[in-house]
Structure formats: structure tokens, C-alpha cells
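Remarks on the structure that follows.
The values are calculated or read from the model by the stated rules, or taken from the named source; none is laboratory data. Given the structure is predicted, the values throughout are model-derived calculations rather than measurements. No Cβ is skipped: glycine too gets one built from the backbone with ideal geometry, and neighbour counts run over all protein chains shown. We work out accessible area using only protein heavy atoms, side chains counted, and drop any ligands, DNA or RNA first. Shrake-Rupley method; radii C 1.70, N 1.55, O 1.52, S 1.80 Å.
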Amino acid sequence: MMVVLIVISAALCVWGFVVDFESNNAQPVDILFYWTYVMIAIAAIAVVVVGVAIAIKNDPKSLFKLLIGLVGVAAVCFVVYLISPGTPAVGLTTDQPDQSTLRLTDSILNLTYISAAAAVVAIIIGEVAIVIRNRQ
């Protein structure tokens, strides 16, 4: 299976060079982008399926913990989407995107800020825990 995906990827790259990436209104570039999305989706699905299968085999209760974590992440994303203002882009000289697009981009930015803050807090708490464990 993996060899087939590699051959298709290589063939698409060669085809893009042969027909020139800028020909047909950059259609080869669009096709390569779509193939990239397909490859990322295949990889993500494989990681999730294999991860869940291994977790179920090692500890069936871990599936319940995974479900709780997934519901928690979905709840945080939903709350962030609800509180995102969707303010218009400042200094944009072309037409403004519609309100739903602006709200979605604000949500993604806010989720990025929350993730960065959570990472910093996790690093600090982890280092403090290491110091406390080493003192005992």
C-alpha cells in the first residue's frame, strides 16, 4: 500500500514538471495540493486507528479516557468559537471575508494562543515537579 502511494506521489511530481506547474491556470499545483490533503488524511487516520487499537489492546479502559479527553477538547473548541468576535480584518484593501470566515479565523487564532499558553504552563509545572521529586 505504501509503495503505491509513493509511486503516485512521484508520478504526480513528474507530471507537474512535464506539463509545467504554471500551465492551465496552475492546475498541476492544485492537484498536488489535493494529493497532499489526501496523504495527510491517510496518515492521520492511520495514526488514530493504530493508536486506538493499541490502546484498546493494552488497556480497554483507556478508550473511555480517550473519549473523555476528546469531549473536553471539543468543548473547549466550541466555547472558543462562541466567544470569538469575528472582527473585520484591519487594513485589508480587498473585500472583507464573510462573518463566518472571520469568526473561524479568530477561533483558530484563539486556540493557538490557548495551546501556546498551555504548553508553557505544562513545561513550568513539569520542571517544578522534577525539582520537587529530586529533593525528596
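Looking at (1) modelled with pLDDT of 95 or more; (2) open to solvent by 70 Å² or more (accessible area, probe 1.4 Å); (3) within 22 Å of residue 77 (Cα to Cα), which is the one condition that is false for residue 124?
(3)
For segment 75-97, what are the residues that are in a helix (DSSP H, G or I) and touching a residue at least 24 places away in the same chain (Cβ under 8 Å)? Steps first, answer last, please.
Of the residues in segment 75-97, the ones in a helix (DSSP H, G or I) are 75-83.
Scanning segment 75-97 gives 76, 77, 80, 81, 83.
Residue-by-condition table, conditions (1) modelled with pLDDT of 85 or more; (2) touching a helix residue (DSSP H, G or I) at 6+ places or on another chain (Cβ under 8 Å); (3) open to solvent by 80 Å² or more (accessible area, probe 1.4 Å):
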| position | (1), (2), (3) |
| --- | --- |
| 16 | no, yes, no |
| 25 | no, no, yes |
| 30 | no, no, no |
| 33 | yes, no, yes |
| 44 | yes, no, no |
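Do we have residue 80 as under 30 Å from residue 109 (Cα atoms) and of a type outside the set (Lys, Arg) here? I'd like the intermediate steps shown before the answer.
Details: under 30 Å from residue 109 (Cα atoms): yes; of a type outside the set (Lys, Arg): yes.
Yes, satisfied.
Name, by its number, the condition in (1) open to solvent by less than 80 Å² (accessible area, probe 1.4 Å); (2) of a type in the set (D, E, K, R); (3) at pLDDT 90 or above that does not hold for residue 59.
Failing condition for residue 59: (3).
When only residues in segment 15-54 that are assigned to a helix (DSSP H, G or I) and aromatic (Phe, Trp, Tyr) count, which is nearest to residue 2 (Cα to Cα)?
We begin by selecting, within segment 15-54, every residue assigned to a helix (DSSP H, G or I); these are 15-19, 24-54.
Retained after the next criterion (residues that are aromatic (Phe, Trp, Tyr)): 15, 17, 33-35, 37.
Numbers: 15: 20, 17: 23, 33: 19, 34: 18, 35: 14, 37: 16 Å.
The qualifying residue nearest to residue 2 (Cα to Cα) is 35.
Does residue 21 satisfy being open to solvent by less than 80 Å² (accessible area, probe 1.4 Å), of a type outside the set (Lys, Arg), at pLDDT below 85 and farther than 30 Å from residue 114 by Cβ? Reasoning before the result, please.
Numbers: open to solvent by less than 80 Å² (accessible area, probe 1.4 Å): yes; of a type outside the set (Lys, Arg): yes; at pLDDT below 85: yes; farther than 30 Å from residue 114 by Cβ: yes.
Yes.
Report yes if residue 97 is touching a helix residue (DSSP H, G or I) at 6+ places or on another chain (Cβ under 9 Å), open to solvent by 80 Å² or more (accessible area, probe 1.4 Å), modelled with pLDDT under 90 and more than 27 Å from residue 55 (Cβ to Cβ), otherwise no.
Details: touching a helix residue (DSSP H, G or I) at 6+ places or on another chain (Cβ under 9 Å): yes; open to solvent by 80 Å² or more (accessible area, probe 1.4 Å): no; modelled with pLDDT under 90: yes; more than 27 Å from residue 55 (Cβ to Cβ): yes.
Criteria not met by residue 97.
Does residue 78 count as open to solvent by 100 Å² or more (accessible area, probe 1.4 Å) and within 20 Å of the chain's Cα centre (by Cα)? Steps first, answer last, please.
Numbers: open to solvent by 100 Å² or more (accessible area, probe 1.4 Å): yes; within 20 Å of the chain's Cα centre (by Cα): yes.
Against the criterion (open to solvent by 100 Å² or more (accessible area, probe 1.4 Å) and within 20 Å of the chain's Cα centre (by Cα)), residue 78 qualifies.
Within segment 98-120, how many residues turn out to be more than 17 Å from residue 76 (Cα to Cα) and part of a helix (DSSP H, G or I)?
Initial filter on segment 98-120 (more than 17 Å from residue 76 (Cα to Cα)): 98-102, 120.
So of that shortlist, the ones also part of a helix (DSSP H, G or I) come out as 99-102, 120.
Counting residues in segment 98-120 that are more than 17 Å from residue 76 (Cα to Cα) and part of a helix (DSSP H, G or I) gives 5.
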